[in-house]
1. Provide, in order from the shortest bin, the percent of all Cα-Cα pairs of the chain in each 10 Å bin, continuing until the bin that contains the maximum pair distance.
2. If the viscosity is 0.692 mPa s and the temperature 37 °C, what translational diffusion coefficient in µm²/s does Stokes-Einstein give for the range 1-92 when Rh comes from Kirkwood over Cα pairs?
3. Between the alpha-carbon centers of the range 1-42 and the range 109-156, tell me the distance in whole angstrom.
4. Keeping all protein chains in place, calculate the accessible area per residue for the chain (probe 1.4 angstrom), answer in Å².
5. Students often forget the sequence filter, so: which lysines lie under 21 Å Cα-Cα from K29 once same-chain residues fewer than 8 apart are removed?
6. Quick one: compute a quarter of the convex hull surface over the Cα atoms of the range 76-160 and quote it in nm².
7. Share of the chain's accessible area from carbon and sulfur, percent, 1.4 Å?
8. Does the range 1-52 classify as rounded, prolate or oblate by the C-alpha gyration tensor (a ≥ b ≥ c root eigenvalues; a/c under 1.5 gives rounded; else a/b over b/c gives prolate, otherwise oblate)?
Amino acid sequence: TRHEPERELTVAEARDRVVAAIRRERATKRVEAEADAMVAQLAKGESLQAVAAARSLPVQDIPGLPRGAPVPDRAASEAYFAAPVPAEGKGSPGKVSLADGSVLVFNVTKVTPGKAADATDQERDMVKQQLAALGGREDAETLLRALRKQMKVTVVESRL
């Protein structure tokens, strides 16, 4: 029902926001440093259970996690699969920042390569569709590049 023109906040008005931002930044740095320390301990050969127990943190073992599973979220799943394959009897530790601001420390202890023979018909069909879509997109982009080399094309980005 009313409008206030844009203006700069006074120091008193901005104080709470600034203090909260500083506290959030300091807490984030502490959490990152602690996660780095945990990853270093894991790299030295300590178990995730022992490292977490020393800090009273929960541990969750997730055997047989399939690629793309959002556990606990997509960024974590991508980090698990980006970790190097661990040597026999060792782990491949890492950390990932989650969307809620927390940091997840993990240790990949085993990687089981997928077997095409174990895929269901539905999974095979899905992969075929994905590969066909990728191939189609690549073909279309190749055709577009070839046509642009042959003809003078002016693209008006604002009309796309």
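1. 8, 21, 19, 17, 19, 13, 2
2. Working: Rh = 17.3 Å.
In µm²/s, the coefficient rounds to 190.
3. Result: 42 Å between the Cα centres.
4. Values: 13460 Å² over 160 residues.
Dividing the accessible area of the chain by its residue count gives 84 Å².
5. K29 reaches K95.
6. On the way: hull surface 44.2 nm².
Convex hull of Cα atoms, orientation-averaged projection: 11.0 nm².
7. Details: 7360 of 13460 Å².
The C+S portion of the solvent-accessible surface of the chain is 55 percent.
8. Values: a/c = 5.86, a/b = 4.12, b/c = 1.42.
Verdict is prolate for the range 1-52.
The values are calculated or read from the model by the stated rules, or taken from the named source; none is laboratory data. It should be emphasised that the depicted structure is a prediction, and the values quoted were computed from it without experimental measurement. The accessibility values were calculated without ligands, DNA or RNA, using every heavy atom of the protein model including side chains. Shrake-Rupley method; radii C 1.70, N 1.55, O 1.52, S 1.80 Å.
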